[in-house]
Amino acid sequence: MMYSSLAHVVQQSAVATMARPLDTDLPPTERFRGTRDIARRLLEEAVQAVGSAPLLREAAHELLKLDLLLGPVPESQLCADYVRTKLGLRHRGSALLLLELLARPGVPRRARDLAPLVCTKSVNTSSVKVFVHELRGVVARFGIEDAIGLKVREGYYLSEGAVPEIMALLQ
């Protein structure tokens, strides 16, 4: 699943430039090259700098540890964290829900179909309802009423008229 509708916005933000989305198709040696290059350069500077060498070495080793522990960060998580920060959402699931609905505005999506995509801990439709409630409240605070609708027996949808306003909020 791609979140290309927001990928360009996220990549331009300050948060995203610190943690770029990684291409998961690459082998691990290629995937983590950026972090490892930074660690290598820190170690090289540690050899040259006498006074701050221990600190540089420690920073390089911490980067390598983080690189091994965290692994690749999916683009969807970066986009969700960006949306969550911009709108002030409490749950990452609410941001993931907005991204899913933004991908196909006007098209109803059933809660049971959304649950595996937006639930970060336990996959259930009750969590989807919580995320919808939170998202409706936050979007309404920004003055966008009736952005998320519900068609009986079809599912939740994002009204097509709300898309430009929501995208403007995320810029």
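The values are calculated or read from the model by the stated rules, or taken from the named source; none is laboratory data. Owing to the predicted nature of the structure, the values given are computational and were not obtained by experimental measurement. Counting neighbours? That spans all protein chains shown, and the Cβs are built from the backbone with ideal geometry, glycine included.
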Exactly one of Ala111, Ala162, Ala95, Ala140 is closer than 16 Å to Ser76 by Cα and of a type in the set (Gly, Ala, Ser), and that one is Ala95
Picking from Ala162, Ala168, Ala111, Ala115, the residue that is exposed (fewer than 12 other Cβ atoms within 10 Å of the Cβ) and not polar (S, T, N, Q) would be Ala168
Somewhere in the stretch 112-119, is a residue closer than 16 Å to Leu169 by Cα, assigned by TED's automatic domain parsing to the domain that holds Ala162 and outside any loop (DSSP other than H, G, I, E, B)? no
Output for Cβ contacts, cut-off 7 Å, separation at least six or different chains, first residue at negative phi in the stretch 128-149, second assigned to a loop (DSSP other than H, G, I, E, B) and surrounded by fewer than 14 Cβ atoms within 10 Å (Cβ to Cβ), reads Glu134/Arg90; Val138/Gly88
Note on Gly149: of the conditions (1) within 20 Å of the chain's Cα centre (by Cα); (2) surrounded by 14 or more Cβ atoms within 10 Å (Cβ to Cβ), unmet is (1)
By residue number, the members of the stretch 150-166 that are free of Cβ contacts under 8 Å to residues at least 12 places away in the same chain and either on the phi > 0 side of the Ramachandran plot or part of a helix (DSSP H, G or I) (or both) are Arg153, Gly161, Pro164
When the stretch 117-147 is checked residue by residue, the ones that are at pLDDT 90 or above and touching a Lys or Arg at 6+ places or on another chain (Cβ under 7 Å) are Glu134
Practice problem: Confirm whether Glu134 is crowded, with 17+ Cβ neighbours inside 10 Å, acidic (Asp, Glu) and either in contact with a His (Cβ under 9 Å, 6 or more places away or on another chain) or not in a helix (DSSP H, G or I) (or both). | Solution: yes
In the stretch 87-98, anything of a type in the set (A, V, I, L, M, F, W, C), part of a helix (DSSP H, G or I) and buried (at least 20 other Cβ atoms within 10 Å of the Cβ) is listed as Ala95, Leu96, Leu97, Leu98
